[in-house]
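The values are calculated or read from the model by the stated rules, or taken from the named source; none is laboratory data. Computed from a prediction, not measured in an experiment: that's the story for all the values here. Glycine also receives a Cβ, built like all others from the backbone with ideal geometry; neighbour counts cover every protein chain displayed.
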Amino acid sequence: MSYVFGVDVGGTSVKIGLFTGEGELLEKWSIPTNTDNEGAAILPDIAASVQNKIDEKGLKESEILGVGMGLPGPVDENGIIRKAVNLQWKDNFNVEERLKNCFKGDIKVKAGNDANVAALGEAWMGAGKGYKNIVMVTLGTGIGGGVIINGKIVTGTAGAAGEIGHIYVGEDTAEPCNCGNKGCLEQFASATGMVRLLKEELENNPDEKTELRDKPLNAKELWDAVKNNDPLAIRVAKRFGKYLGTGLSVVAGVLNPEIIIIGGGVSMTGDVILPYITEHFKTHVFHASADTKFVRATLGNDGGIYGAAALLI
C-alpha cells in the first residue's frame, strides 16, 4: 500500500488529508495557520502534523509517495513561491525544498497555487472528472482561478496563470483591489464584490421594499433573496452575472475549455447562480466556445486536499 498527504494552506487554517495511492481519502484534519513572525512557523507546523500522522499510523517512508501542497500565492514549476500576502510571506523562496527540509526523513514535496490545485482536484475526483480542458473559478472573498489543459495545470512563467479575478472589467472603482489595481473582476463578482453591489443598490433605492434591508449583508442572504424573487436582489444578481459571465467569455476565448467549474463558498448557494453567469457568457463568447459546459464544484472544501494529493499521484 502507498500513501500520500494533501495539504491546503489557508490564511486561518491548514487542511490536511491522508490518501491512499489510489486516491481514497482515509482521514482529514486541520491545524491553525500561525502567521506570526512573517509566517515562520507555518511549514514546520505542517511537517510536524504530517510526521505525527506518519508515526501514529506506523507508515514506512518507502510507502509514502510524498506531500502535495496548495498555497495562496503564485508557485512556479520549480516550487518557488512569489510571496504570499495572506501567510505574511514577503520573500520569494523554494517552498518545496523548505518543507522537505522540515521532515526527519526523505519525503518528496510538490507545491502549487491553491486555485490551480483545487482545479486539479475537481478534474481528478470531482465535477471535472473525464474532462481534459478545464477552467475553475473559485468565488470567495476574492476570485481564484485554475486552468487545466490536456490534463495538466497551466502555471505560467511565475506561477500566476489563471488569475481570473484580476482581469480588468472596464470599470474603475474608488478603492483599489488587494492587488493594487482598480477595476478587477473580483471587485464586482466575488462575495465581497457582491456585497459592494448590494450596498450600492440599497443606498440608491432607499424607499424600495426588499427583504435584504434589515439583514446581514452577505452573499448567502443575497442569493436566498434571489430565490425568493426579490426584485432588488435580482438586479444585483444580474450585475454580478454580467461581470462574471463577460469575464469568463474572455477566458474561454483564450483557452477554449470543455467545462467551467464554479467553486468557492458562493457556489454553495446552489445552481441559482449559473443562469446569471451563462446569459452574458453566451452573449459575448466566441462562437466556437459557446457550448462550454458550466457546473458547480462537487468536492467542496476538500477540493484543495484532493488536488494537492493529485500533484503526486
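Would you point out the residue of the stretch 1-45, among those that are small (G, A, S) and under 13 Å from A310 (Cα atoms), that is nearest to the chain's Cα centre (by Cα)? Among those that are small (G, A, S) and under 13 Å from A310 (Cα atoms), it is G6. Across the stretch 57-99, the number of residues qualifying as exposed (fewer than 15 other Cβ atoms within 10 Å of the Cβ) and touching a Leu at 6+ places or on another chain (Cβ under 8 Å) comes to 1.
Here I54 fulfils each of the conditions (1) crowded, with 17+ Cβ neighbours inside 10 Å; (2) in contact (Cβ under 8 Å) with a residue 24 or more places away in the chain; (3) not acidic (D, E) apart from (2). Only a single criterion out of (1) more than 20 Å from V50 (Cβ to Cβ); (2) assigned to a helix (DSSP H, G or I); (3) modelled with pLDDT of 95 or more is not satisfied by N86, namely (3). With respect to the stated conditions, W89 is in contact with a Lys or Arg (Cβ under 7 Å, 6 or more places away or on another chain), of a type in the set (F, W, Y) and touching a residue at least 40 places away in the same chain (Cβ under 8 Å).
Among the candidates N116, N101, the residue that is over 28 Å from G58 (Cβ atoms), outside the structural domain of E186 (by TED's automatic domain parsing) and not hydroxyl-bearing (S, T, Y) is uniquely N116.
In this structure, is A308 modelled with pLDDT of 95 or more, farther than 22 Å from L197 by Cα and either polar (S, T, N, Q) or under 17 Å from the mean Cα position of the chain (by Cα) (or both)? Against the criterion (modelled with pLDDT of 95 or more, farther than 22 Å from L197 by Cα and either polar (S, T, N, Q) or under 17 Å from the mean Cα position of the chain (by Cα) (or both)), A308 qualifies. For K108, the requirement of being among the basic types (K, R), within 22 Å of G307 (Cβ to Cβ), touching a strand residue (DSSP E or B) at 6+ places or on another chain (Cβ under 8 Å) and in contact (Cβ under 8 Å) with a residue 24 or more places away in the chain is met.
With respect to the conditions (1) loosely packed, with under 15 Cβ neighbours inside 10 Å; (2) modelled with pLDDT of 95 or more; (3) in contact with a helix residue (DSSP H, G or I) (Cβ under 9 Å, 6 or more places away or on another chain), K15 lacks only one, and its number is (1).
Residues that are assigned to a helix (DSSP H, G or I) and surrounded by fewer than 24 Cβ atoms within 10 Å (Cβ to Cβ) within the stretch 109-166 comprise W124, M125, H166, listed in sequence order. Scanning the stretch 181-194 turns up no residue that is surrounded by fewer than 16 Cβ atoms within 10 Å (Cβ to Cβ) and hydrophobic (A, V, I, L, M, F, W, C). All conditions but one from (1) within 30 Å of G126 (Cβ to Cβ); (2) out of contact with any Ser or Thr (no Cβ under 8 Å at 6 or more places or on another chain) apply to D224; the one that does not is (2).
Among the residues of the stretch 265-281, those that are surrounded by 15 or more Cβ atoms within 10 Å (Cβ to Cβ) and touching a helix residue (DSSP H, G or I) at 6+ places or on another chain (Cβ under 8 Å) comprise G265, V266, S267, M268, T269, I273, Y276, I277, T278, H280, F281. In summary, helices (runs of 4 or more DSSP H) completely within the stretch 196-313 and bearing 3 or more residues that are within 30 Å of I16 (Cβ to Cβ) occur at 303-310.
Yes/no per residue for (1) aromatic (F, W, Y); (2) modelled with pLDDT of 95 or more; (3) not assigned by TED's automatic domain parsing to the domain that holds G142:
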| site | (1), (2), (3) |
| --- | --- |
| V266 | no, no, no |
| D271 | no, no, no |
| I277 | no, yes, no |
| F281 | yes, yes, no |
| F286 | yes, yes, no |
| T292 | no, yes, no |
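Whenever a residue of the stretch 157-186 is of a type in the set (V, I, T), its partners that are surrounded by fewer than 21 Cβ atoms within 10 Å (Cβ to Cβ), lying with C-beta atoms within less than 7 angstrom and at least six residues away or across chains, give the pairs I167/V250; V169/G183; T173/K182; T173/G183.
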